[in-house]
Every structure is written in structure tokens, then in C-alpha cells.
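Student: Below you will find the structure I want to go over with you.
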Amino acid sequence: AVVSTQSTGGESVTGSTATTSTIQSAKEKITKLKGKFQKKLDASQFRYINEKLYTCSAEEAAALFEKKPELFDVYHRGFTAQVQKWEVNPVDRIIELIRSRGDAVSVADFGCGDAKIAQSVTNPVYSFDLVQTNDHVIVANSNKVPLGNKSVDIAVFCLSLMGTDFKDFIREARRVLKSKGTLVIAEVSSRIPNVTEFVAGVEELGFKTLQKEEPNSFFTEMIFKKIKPKENKGLFESLELKPCTYKKR
């Protein structure tokens with residue numbers, strides 16, 4: 001094969017070099033297009049999985065991830081992408097709370113995801129989720145974790161009261177909390193139809209409200225102390241949380 005050469009001012013540009021440059025440019029465009037397509041696909045799958053988790057039981061969610069483990073990775077990639085857009089991340093505020101209590105207090109992190117709390121503090125942290133994303137995570141359903149009664153100082157739900165049986169998660173947290181232990185709940189504000197009623201329901205189960213705060217318009221944070229249960233008037237059983245849904249595209 002003969003390669004043509006064009007001379008300009010003492011410099012030569014070969015046809016093969018130009019062809020290589022064109023091919024490289026095409027490859028870069030294809031790579032960018034693939035990246036954009038994958039992001040759109042991940043976003044679509046994340047929305048589907050997210051809505052599914054809010055509208056099914058914990059057992060159904062576990063079965064979903066057991067059947068298709070790759071969906072858990074897709075979900076957490078999507079969740080991570082969402083987190084990067086937040087001005088305030090509730091888990092960071094919870095980490096600061098734990099640090100303020102000293103490194104001796106023990107923590108149960110329900111629905112821990114990538115177990116950021118365990119990776120950020122020196123405290124003993126038991127991190128539970130349906131799939132193990134790293135060595136910090138213990139695979140367990142939040143309605144039945146492998147901890148003894150009255151065994152931890154702090155129980156955390158950071159955006160993890162997902163599912164139709166979320167009240168069972170709170171009951172389980174109370175079971176594992178020591179007397180006067182701390183329950184921390186951070187949720188998307190729009191999920192809570194009435195914050196006052198939600199707090200009253202949790203208190204009826206056997207908690208005292210220590211703090212209720214909205215660090216911004218998107219999140220609501222509640223901190224409770226475990227005490228004796230109140231008279232059962234059905235307030236806890238009537239608790240509701242709205243699912244996070246997305247507009248159809």
C-alpha cells in the first residue's frame with residue numbers, strides 16, 4: 001500500500017495519520033454516547049427500583065435483589081448520583097451526632113447502603129441492608145436483625161424507612177435499643193403527611209421526642225429517646241409514609 005504524503009513548510013502530514021485521527025475522534029464520540037446512554041438507562045432503572053422499594057414489603061424487596069443482584073448496584077449508583085446534588089446530606093449530620101456522643105456508644109444502622117456511618121466513625125456500628133456492598137454490611141432484613149434485646153445505644157434510619165412494613169422496622173429498632181437509647185430518623189419531608197402525627201405515633205410506641213428539625217425544605221430529622229410505651233390509642237399503627245414517585249417520562 002502506498003501512503004500519500006503532503007509537504008507544507010517542511011512539515012509532512014500523512015494520510016494514515018489523518019485517518020487515525022478521524023478514527024480516534026469517532027471512538028471518543030461513541031464512548032461519550034455510550035456514557036450518556038448508560039446514565040439515562042441507570043436513571044430510568046433507579047426510578048423504577050426506587051418506586052418498587054417504597055411500595056413493596058421488605059421480603060418482596062429481598063426477593064427482588066436475590067433474583068437480580070445487579071439491580072442493587074444500579075440502585076446505589078443512582079442514589080449516589082442523587083446525593084451529589086444535595087446541599088445537605090442527612091447521613092453526615094448523623095455522623096456528627098454519633099461523634100458527639102463519644103466512640104464508646106454502639107450503633108445499629110438500618111438500611112445502611114454502603115455503610116458510610118461505619119466507615120466514618122470509630123464506634124462499634126452494626127450496618128444492615130439487603131445486599132452486602134462491602135465488608136461493613138451485614139445482610140439482614142430491617143424487621144429482624146441479628147442483635148439481642150437492649151444491645152445498642154443508637155438506632156439509625158437515614159432515608160431507609162422504605163416499604164409498606166416500615167413500622168416493623170421501627171419496632172425492631174426499639175427492641176434492640178437500650179433503655180433511654182436514641183432513635184434517629186431522617187426522611188424526605190414530602191413523605192411525611194403530617195409530622196406532628198408521625199411524631200405522636202412514634203412516641204406512643206415508647207419514645208420521647210428530643211429534637212425535630214428541618215435542615216432544609218427537603219429533609220426532616222427526628223431524634224427520640226426510648227422510654228416506656230404509652231397507652232395504645234392506635235396512633236402508631238395508623239402511621240403513614242408516602243412513597244417517592246416520579247413523573248412518567
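Student: Once the Cβ-Cβ distance between K180 and S238 is put in as r, and R0 is 35 Å, what FRET efficiency do you end up with, to the nearest 0.05?
Tutor: About 0.85, to the nearest 0.05.
Student: So, one more: Over 22 Å between Cα atoms, which of K85/K212; K180/K230; K52/K167; K208/K233; K167/K208 qualify?
Tutor: Beyond 22 Å between Cα atoms: K85/K212.
Student: Just add up the charged neighbours of V195: K/R +1, D/E -1, any other residue whose Cβ is under 13 Å from the Cβ of V195.
Tutor: -4
Student: Compute the Rg to Rh ratio over the range 186-238 from the alpha carbon atoms, using the Kirkwood formula for Rh, and round to two decimal places.
Tutor: Ratio value, two decimals: 0.99.
Student: Identify the chymotrypsin sites (Phe, Trp or Tyr not before Pro) of the range 55-103 meeting these criteria: DSSP loop state and at most 16 other C-beta atoms within 10 Å of the C-beta.
Tutor: W86
Student: Can you work out the Karplus-derived ³J(HN,Hα) for every residue in the range 115-132? Use 6.51 cos²θ - 1.76 cosθ + 1.60 with θ = phi - 60°, whole Hz, and x for glycine or proline.
Tutor: Using θ = phi - 60°, the values come out as 6, 4, 4, 4, 7, 10, 10, 9, 5, x, 10, 9, 9, 10, 7, 6, 9, 8 Hz.
Student: What distance in nm separates the two pseudo spin-label positions at E60 and T22, each 7 Å out from Cα along the beta-carbon direction?
Tutor: So the label points at E60 and T22 sit 5.6 nm apart.
Student: How long, wide and thick is the range 144-217, going by the Cα atoms along their three principal axes, in whole angstroms, largest first?
Tutor: Cα spread of the range 144-217 along its principal axes, largest to smallest: 36, 26, 21 Å.
Student: In terms of the ratio Rg/(2.2 N^0.38 Å) built on C-alpha atoms, what value belongs to the range 51-146?
Tutor: 1.13
Student: Also, quick follow-up: If I take R0 = 35 Å and measure r between the Cβ atoms of K230 and E51 in this structure, what FRET efficiency does the formula 1/(1 + (r/R0)^6) give, to the nearest 0.05?
Tutor: 0.55
Student: So what J values fall out for the range 168-177 if you push phi through Karplus, 6.51 cos²θ - 1.76 cosθ + 1.60 with θ = phi - 60°, rounded to Hz, Gly and Pro as x?
Tutor: 5, 5, 5, 4, 5, 4, 5, 4, 8, 6
Student: What full-extension length gain, to one decimal in nm, is calculated for E87 and A104 as 0.36 nm per residue of separation minus the Cα-Cα distance?
Tutor: 3.1 nm
Student: So how much accessible area does L235 have, in Å² to the nearest 10, using a 1.4 Å probe?
Tutor: The accessible area of L235 comes to roughly 80 Å².
Student: Something else: Rank these residues by their accessible area, most exposed first, probe 1.4 Å: M162, M222.
Tutor: M162, M222
The values are calculated or read from the model by the stated rules, or taken from the named source; none is laboratory data. The shown structure was predicted, so the numbers you read here are calculated from the model rather than taken from an experiment. Please note: Cβ atoms are built from the backbone with ideal geometry, for glycine as well, and neighbour counts cover all protein chains shown. Heavy atoms of the whole protein, side chains included, go into the accessibility calculation; ligands, DNA and RNA do not. Shrake-Rupley method; radii C 1.70, N 1.55, O 1.52, S 1.80 Å.
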